[in-house]
Amino acid sequence: MKSKTLLICGGGHASLPALKMGSLWKEAGLEVVLLSTHRYLYYSGAVPQFLGGFYGMDDARIDLKVLCQNYGTTFTEGTVTEIDETKQTVVLSDGQEFAWDFLFINTGVVSRPLSFVHPRLFPVKPMTELIKLKPLLENGKARKIAVLGGGAAGCEIALNLTAPDSPFQIQLTLLEAGDQILSSFPKKLSRMVTETLTRRGVEIRLSEPFSEEELPDMMTQFDAVIHAAGNIPATKSIRHILPADAAGRIRVTDSLQCVGHPKIFAAGDAACPGADGYPPIGVHAVKQGVTFRGVMEGLLHGKKLPSYKSYPLTPLILSDGHSGGFFIAGKMAASGRWAIILKYMLDMNWLEKYTRPPAERRSWLKLFLDASAR
């Protein structure tokens, strides 16, 4: 029987479980191919700590090329620009064309596009751009920084850059268009983070939306500007006629199948399950990756396809350097040293599944001891 091809567009969190199935699925007649704009997946939960000087580079990223090689999956670096569901092909920006029998779309988000470009203006997404700020921090050329946007990403970056145990001496200004930071989270969290940042001398400017016309002048006032004022799905820049919501996310069923196209799947920030989808938090993509692996197993072996079910409460931990963190679940918000220990354990346990062979992965006890000693 001729083998079939599963083409994975995007090396985000939800793609990882399927990438590890390359050799096993090849035996079942399915070739797995990853198309990724970047070789490295920078983990959004670790990059703020990397910028703050608390993690090394390898603590914050996964080498997708090496991961694919280790598990019998084909890796190709390139950016998807077109999906043709009739011809069952995908076209890259360099003109390469790839055929598929099954297609998984997990291209994530990018920071809201700006027409103004500057070498010291850093979008949060893709994080391959944000990490370029680190050399400026290390050589002292980015001491006065502005963060545009007071959501989870902007606040977590601000917390880590201004943490007392960070090696960098930063003067930071946070601009937020609304009347409070972290407006989509419990008010207690907004209050705690506001108090923390204010205590560190961060200037928080509320009810201050920025326009692109202000950016040239802003670049003369600050050494670096971080653009964390909203994202859009990367699928907005891909030519296709698949059903999508107003934001551009592909509409999918509970089994992550594109509505009306059972051989096409989407997950993470590229997908809209149900009427409104889920908040753009990484735990959904991580869990959807396991669901998608189960869906493909079901298709290969003629079993019932699993459905994605979100957590009853969507947990999130914002890091604050080595010393502490902020834990959020539903309407609950708390902070303390325990939160950053828990975050380290959860993050490293997840990352090591894709960066270390099984024999070298740390146990939960070892992770706890290492986290407590940091």
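Residue 337: touching a strand residue (DSSP E or B) at 6+ places or on another chain (Cβ under 9 Å), open to solvent by 20 Å² or more (accessible area, probe 1.4 Å), at pLDDT below 95 and more than 21 Å from residue 13 (Cβ to Cβ), yes or no?
On the way: touching a strand residue (DSSP E or B) at 6+ places or on another chain (Cβ under 9 Å): yes; open to solvent by 20 Å² or more (accessible area, probe 1.4 Å): yes; at pLDDT below 95: no; more than 21 Å from residue 13 (Cβ to Cβ): yes.
In short, no.
Taking the stretch 47-76 as the region of interest, how many residues are of a type in the set (A, V, I, L, M), more than 18 Å from the chain's Cα centre (by Cα) and within 19 Å of residue 367 (Cβ to Cβ)?
Within the stretch 47-76, residues that are of a type in the set (A, V, I, L, M), more than 18 Å from the chain's Cα centre (by Cα) and within 19 Å of residue 367 (Cβ to Cβ) number 0.
Return the residues of the stretch 314-373 that are over 19 Å from the mean Cα position of the chain (by Cα), among the polar types (S, T, N, Q) and either over 18 Å from residue 159 (Cβ atoms) or in a helix (DSSP H, G or I) (or both); say none if nothing qualifies.
363, 372
When the stretch 249-267 is examined, which residues are found to be assigned to a strand (DSSP E or B), aliphatic (A, V, I, L, M) and more than 19 Å from the chain's Cα centre (by Cα)?
Keep residues of the stretch 249-267 that are assigned to a strand (DSSP E or B), which gives 250-252, 257-258, 261-266.
With aliphatic (A, V, I, L, M) added as a condition, the list becomes 250, 252, 264, 266.
Those that are assigned to a strand (DSSP E or B), aliphatic (A, V, I, L, M) and more than 19 Å from the chain's Cα centre (by Cα): 252, 264.
Which pairs do you get when a residue that is free of Cβ contacts under 8 Å to residues at least 24 places away in the same chain, found in the stretch 351-370, comes within reach of a residue that is open to solvent by 50 Å² or more (accessible area, probe 1.4 Å), reach meaning Cβ atoms under 7 angstrom, with the pair 6+ apart or on two chains?
Going by the 7 Å Cβ cut-off, the qualifying pairs are 352/361.
Could you list, in sequence order, all residues of the stretch 6-32 that are farther than 15 Å from residue 101 by Cβ and assigned to a loop (DSSP other than H, G, I, E, B)?
Passing the criteria: 10, 11, 12, 20, 21.
Among the numbered criteria (1) touching a residue at least 40 places away in the same chain (Cβ under 8 Å); (2) not in a helix (DSSP H, G or I), which one does residue 219 miss?
It is condition (2) that residue 219 fails.
So is residue 85 open to solvent by 20 Å² or more (accessible area, probe 1.4 Å) and either under 30 Å from residue 356 (Cβ atoms) or in contact (Cβ under 8 Å) with a residue 60 or more places away in the chain (or both) or not?
yes
Name the pairs whose Cβ atoms lie under 9 Å apart, with the first residue in the stretch 122-145 and within 16 Å of residue 222 (Cβ to Cβ) and open to solvent by 20 Å² or more (accessible area, probe 1.4 Å), the second among the charged types (D, E, K, R) and not in a helix (DSSP H, G or I), and 6 or more positions between them or separate chains?
From residues that are within 16 Å of residue 222 (Cβ to Cβ) and open to solvent by 20 Å² or more (accessible area, probe 1.4 Å), the pairs are 123/112; 136/120; 136/223; 141/120; 141/223; 143/223; 144/223.
The values are calculated or read from the model by the stated rules, or taken from the named source; none is laboratory data. The model shown is predicted, which means the values in this text are computed figures rather than measured ones. Reconstructed Cβ throughout: ideal geometry from the backbone, glycine too, with neighbour counts over all protein chains shown. Just so you know, the surface numbers come from the protein's heavy atoms only, side chains and all, with ligands and any DNA or RNA stripped out. Shrake-Rupley method; radii C 1.70, N 1.55, O 1.52, S 1.80 Å.
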